[in-house]
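This report concerns only the one structure given below.
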Amino acid sequence: MTAERKAASKARPDAGRHAARIFFDNIPLPDDAIVSLYHPLPDELDTKPLADELIARGRTIALPVTPRKRERLIFRAYSEGDTLAPDRNGIMTPAETAPVVSPTIVVTPLLAFTRDGARLGYGGGYYDRTLKALRASSDIIAVGFAFSAQELKKLPMTKTDQWLDWIVTEREAINAGRSGA
């Protein structure tokens, strides 16, 4: 799936812009929403067009910070112009002085997805633990953000895996039927 994502990234350098438009056309976005995005790694669907439009609309953005193994992500507020620095995994994150926030919409990276909301991540379980904890305390919307080429018919899911509510690609938004959204 990494190779599929890499090929899609090369073939569709404008995919992030299209996915951002589709996100805004389909995902419920309350005025007080805090939207967690990810800072894309090479070949991941670019979230910058989505971030730019969220900022233009006055929405609060958060970026995840990866903790030690077997813990859940924390989210720090991000504003345009804030300094980002690479964490121990090379992922760009806000400074430790940025406020910790609780997102209402979590946009997740992934390797593969299915139309019914299954998600294949990178094996660390960070998003699974985080989504489970967030869902235990509030209503959130989990949105997979991926190239359409990352879709599979079926993925094995375990009892610890968390399902996506929506998947947004450069071609469409898929309501996985996992939430009331």
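Each value in this text was obtained by applying a stated rule to the coordinates, not by laboratory testing. Small disclaimer: the values here were computed from a predicted structure and weren't measured. For neighbour counting, all protein chains shown are included, and Cβ atoms are generated from backbone atoms with ideal geometry for every residue, glycine included.
Annotations
- DSSP-defined antiparallel bridges as percent of all bridges, the chain, nearest 5: 55
- Using C-alpha pairs below 8 Å separated by at least 6 residues, the relative contact order for the stretch 1-83 is 26 percent.
- Taking amide hydrogens as placed 1.01 Å from N in the peptide plane, the amide H of D87 sits under 5 Å from those of M92, T93, each at least 5 positions away in sequence or on another chain.
- Partners of K159 within straight-line reach, counting aspartates and glutamates whose Cα lies under 15 Å from its Cα and excluding those fewer than 8 residues away in the same chain: D128.
- Sequence-distant residues sharing a close amide H with I141 (under 5 Å, placed H): I105, V106
- Each Lys and Arg Cβ is given +1 and each Asp and Glu Cβ -1; about its Cα centre, the chain then shows a dipole of about 700 debye.
- Partners for K132 among aspartates and glutamates (Cα-Cα distance below 17 Å; same-chain residues under 8 apart left out): E71, D161, D165
- Here's the list of lysines a cross-link from K6 could span, going by alpha-carbon distance under 22 Å and ignoring same-chain residues fewer than 8 apart: K48, K153, K154.
- Net charge, R5 excluded, C-beta distance under 9 Å - Lys, Arg +1, Asp, Glu -1: -2
- Length-normalised contact order for the chain - Cα pairs under 8 Å, 6+ apart - percent: 24
- Where trypsin sites (Lys or Arg not before Pro) fall in DSSP loop in the stretch 26-114, at most 10 other Cβ within 10 Å: R68, K69, R70, R88
- Cα-based convex hull, the chain, per residue volume (Å³, whole number): 116
- The stretch 39-109: GluC sites (Glu not before Pro) falling in loop per DSSP and having at most 15 other Cβ within 10 Å: E71, E80, E96
- Residue (of S138, I174, W163) at the positive-pole extreme of the stretch 95-181, dipole from beta-carbon charges: W163
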